[in-house]
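K.L.:
Sharing a structure here in C-alpha cells format.
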Amino acid sequence: MEELSLHILDLVQNSIGAAATRVGILIEEDVAADRFLFEVKDNGQGMDKELVREVLKPFTTTRTTRRVGLGLSLLDMAARQCDGGVEIDTEPGKGTRVRAVFRYSHWDRAPLGDIKTTLLTIIAANPELQLEYVHRVNGRIFRLDTEEIRTVLGGDIPLNNMAVLGWLDDYLAQSLAELYGGEE
Amino acid sequence: MTALKNLDDLRKLRERVKEDLNERFGGEIKIIVGMGTCGIAAGAREVMAAILNELRLRNINATVTQTGCIGMCEREPLVDIVRPGEKRITYGRVTPRDAKRLVAEHVLHGRVVEDLVVARFEE
Ligand SMILES: Nc1ncnc2c1ncn2[C@@H]1O[C@H](COP(=O)(O)OP(=O)(O)OP(=O)(O)O)[C@@H](O)[C@H]1O
Ligand SMILES: [Mg+2]
C-alpha cells in the first residue's frame, strides 16, 4: 500500500468484519525516537491461538470468497522492511489489538497519507461505530471521539448525515493542520 | 481553540439539520463499496470519498456502506447501487471520476451506466 493510512483503513475493515462496535485508532509519530507506530484495537470477536499464529503468514484467511488473506501479511511485510514489525494481542470473545511499528526515518516507510479521508470514509460507512482516534506528533496530540459528537448532535441525527460529514471534514482538516505545526 | 469553535458550529448545525430531517431521511438508496484489502489497494477509499462528495454537492439522500472482498478482486474497486424496487447493479474498476457519473446517472435518475456493469442481481 502506498500510504499507511490505507493500512489503517484496512485494519479497521478487519475489525468491522469481526463485528466490532468500538474501535480505537492510535498513531504516534516520534522523530526523536525515530519511530512511527499505529494501533487499531476493537471489541470484536477476536481470534483463537491457532489463527493468530498463522495470521501473519501470507495468506491466512477465514474469508470464503478468496483463498488468501492479504491485509495483515502485507502490513507485516511493510513494517519489517522498515526495521519494525506487527504485534497482535487478541482474545476470543473480547477483542483484538494490532500494532505496527516502523523506523520513522527508513527510506522505505510509506507516508501516513490521507488519514482524514480514511476517518471520514469509516465514519460515513459506519455511523453507529464508536470510534476513538488519538494522534500524537512529537508531543502534540489530537483526539477525536465520535461519542462526543453524538452527544452534541442528540439522538436523532446520525453521523452519516451529509451536513455532519461536511462539518467533520473541515474540523479534521483544521485539527490535523494544527497538529502538524500550526498554532497551539 | 479550533475544537471549541467547531463544537459550537456543530450545535448550530444540529438545529439547522433537525428542521429538514424528515425530508432528507426517507426512501433509501444504497451504495456499497468493496473495502477488502483488494478494494482498498485498488483505490476504494478515493472512490467512496468521491461518491460522498457528489452526494453532498447534489444534496442526495443515500446510504453509503462497505463490504469485504466478494471474490472479484481483479475488478475492484467494486461499487453496488441499489435503488428501492430495482435490480442491484455491480460496477467494476470504478475510478473517482466514474463514481461521479454513477451518482449523476444511476443514483439520481435510475439510468444504469452500462459500460461499467459487471453483474446484476434481483434484490
Ligand atoms: N480485528 C480482527 N478481529 C478478529 N479476527 C481478525 C481481525 N483481523 C484479522 N482477523 C482474522 O485474520 C484473518 C486474516 O486477516 P487479513 O486481514 O490478513 O485477511 P482478510 O481480512 O481475511 O482478507 P483481506 O485483508 O485480504 O481482505 C481474517 O480472515 C480474520 O479471520
Ligand atoms: Mg483484512
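The values are calculated or read from the model by the stated rules, or taken from the named source; none is laboratory data. Since we're looking at a predicted model, the values are computed, not measured. Methodologically, a virtual Cβ is constructed for each residue, glycine included, from the backbone with ideal geometry; neighbour enumeration extends over all protein chains shown. These accessible areas exclude ligands, DNA and RNA; they are computed on the full protein's heavy atoms, side chains included. Shrake-Rupley method; radii C 1.70, N 1.55, O 1.52, S 1.80 Å.
K.L.:
Does segment B:88-97 contain any residue that is open to solvent by less than 30 Å² (accessible area, probe 1.4 Å), assigned to a helix (DSSP H, G or I) and away from ligand 1 (no atom under 16 Å from the Cβ)?
P.N.:
no
K.L.:
Would you confirm whether any residue within segment A:26-36 is within 29 Å of A:P158 (Cβ to Cβ), among the hydrophobic types (A, V, I, L, M, F, W, C) and either more than 14 Å from ligand 2 (Cβ to nearest atom) or part of a strand (DSSP E or B) (or both)?
P.N.:
Yes: one or more hits.
K.L.:
Right, another one. When B:V17 is evaluated against the numbered criteria (1) open to solvent by 30 Å² or more (accessible area, probe 1.4 Å); (2) of a type outside the set (S, T, N, Q); (3) assigned to a helix (DSSP H, G or I), which criterion, by number, is the only one it fails?
P.N.:
(1)
K.L.:
Quick check on my filter: what residues within segment B:59-77 are within 13 Å of B:T90 (Cβ to Cβ), open to solvent by 30 Å² or more (accessible area, probe 1.4 Å) and more than 8 Å from chain A (Cβ to nearest Cβ)?
P.N.:
B:T67, B:M72, B:R75 - these are the residues of segment B:59-77 that are within 13 Å of B:T90 (Cβ to Cβ), open to solvent by 30 Å² or more (accessible area, probe 1.4 Å) and more than 8 Å from chain A (Cβ to nearest Cβ).
K.L.:
Another one. Please go through segment A:1-28 and pick out each residue that is small (G, A, S) and within 9 Å of ligand 1 (Cβ to nearest atom).
P.N.:
The answer is A:S15, A:G17, A:A18, A:A19, A:A20.
K.L.:
Here is a follow-up. If I ask for residues that are assigned to a helix (DSSP H, G or I) and within 16 Å of ligand 2 (Cβ to nearest atom), which ones from segment B:37-81 would you list?
P.N.:
B:T37, B:C38, B:G39, B:I40, B:A41, B:A42, B:A44, B:R45, B:C73
K.L.:
Let me ask you something else. For B:V107, which of the numbered conditions (1) touching a Leu at 6+ places or on another chain (Cβ under 9 Å); (2) in a helix (DSSP H, G or I); (3) away from chain A (no Cβ under 13 Å); (4) open to solvent by 70 Å² or more (accessible area, probe 1.4 Å) fails to hold?
P.N.:
(4)
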